[in-house]
Each structure stands twice: as C-alpha cells, then as structure tokens.
Amino acid sequence: MRCDDKLATARNDLSDARGIPVSYSNKEAIVALENAHESFLAFHGDPLEMVNTIIERHPDFMLAHLFKAACLTQTIENRVRDDLVNTVSAAEALSATATDRELAHLRAVSAWITGDVSAAVTEWENALAHNPLDLLALQIIHLTYVLFGQVKGQRDVVARVFTYWDESIVGYEHVL
C-alpha cells in the first residue's frame, strides 16, 4: 500500500503512516515527509532535496527538521555540520508543541552534534522502545550500527521490534 493511501486511513489527522502522532497538522506535508523517508529507505532519489522543499513550504514542521538532521548524521561529514546544527536549532525552536517521539529525536540529534554518538543511539532506542513502529528511529539506529561496525547491534535493534510489524504496516519491506 502506498504511503498516501495508508496515511488516509491513519488513526487521526496528526499521525504518520504508521499511526504515530505528529505535532504538525498539515496532511500534505506529512505525506510528503513519508515519501522523502521512503526515498531514504530505498536509496533512491534525493531525500534531502525532498525534505528541504518540505521545510521551505512548511518551516514549522518539526519532524521534517528532525528527519533532515537524522539524515545528515549519517554522512559523518564535517562539511554538513553547520547545516546539521542549524537544522537542530530550527527543530529546538519548535519543541514547545512537540510529541514525546519528536523530543526523543531532538535529544538524539542534539547528542550527535556534541559528539556523543552513544547517547544519540540511546535516545533513538528510547524513541523506538516507546514507538516500535518508529521507522525513522529504527533506520537511523541500524545505519549508525552499520557505520560503526556493530553487527550485533544491527541485528538486535530489528529483533527487538520485529514482532510489532507485519505486511499491513507501511515500511514493513524495509524492516525485513
């Protein structure tokens, strides 16, 4: 099922395609972010360009800023540090109305900026423990373990949430 179709049947207007609450109320923006995330998951297209367009049109969409920041962490490039810091600052400015999930992602990318990758992973793990369908947290934890050669972590993070997933959930094919 396409993100657009699944999102139309989400539990409420302020949820992503997997029913996790989002603090931003524009469905078009939420669908666009789901599509950018799909691009990131499938390694096709340009998810950063997609999210930059979303942020340009919806500068108050905190989860879009957090998605961009999470993507930037995976570059392990000093040349994106300023963009990462500015993106996290923009998300922090929107944190007054954030969901618990968004705050966990904010803490994670903030820890990453300070160089505390372990704390960042712990925050993403906490987000995932509270929302086992948080595909962004799952993906970023997994990719971070790949970056640092932690094979056991790569396997275990998926194993911890796998029982919550099935083929009816958007993104299941990536969890497999």
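The values are calculated or read from the model by the stated rules, or taken from the named source; none is laboratory data. What you see is a predicted model, and the numbers here were worked out from it, not measured in a lab. Reconstructed Cβ throughout: ideal geometry from the backbone, glycine too, with neighbour counts over all protein chains shown. Calculation scope for accessible area: heavy atoms of the full protein, side chains included, ligands and nucleic acids excluded. Shrake-Rupley method; radii C 1.70, N 1.55, O 1.52, S 1.80 Å.
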Quick one: with all protein chains in place, what share of the accessible area of the chain is carbon or sulfur, to the nearest percent (1.4 Å probe)? 52
I'd like the FRET efficiency for SER15 and PHE148, computed as 1/(1 + (r/R0)^6) with the beta carbon distance as r and R0 of 22 Å, rounded to 0.05. 0.10
At a Förster distance of 22 Å, what's the computed FRET efficiency of ALA129 paired with LYS27, Cβ-Cβ distance as r, to 0.05? 0.20
The stretch 98-176 to the stretch 50-94: how many Å between their Cα centroids? 17
Whose amide H sits under 5 Å from the amide H of SER15, counting only residues 5 or more places off or on another chain, with H placed in the peptide plane? VAL22
About the Cα centre of the chain, how large is the charge dipole given +1 on each Lys and Arg Cβ and -1 on each Asp and Glu Cβ? Please answer in debye to the nearest 20. 320
Report Rg (one decimal) and Dmax (nearest whole number) for the stretch 76-176, counting Cα atoms only, units Å. 14.1, 39
From the P(r) of the chain, could you give the percentage of C-alpha pairs in the tail past 26 Å? 21
Output ordering of 118-129, 163-174 (per-residue mean of other Cβ within 10 Å, highest first) is 118-129, 163-174
Find the relative contact order for the stretch 61-176 and round it to a whole percent, using C-alpha pairs within less than 8 Å whose residues are 6+ positions apart. 20
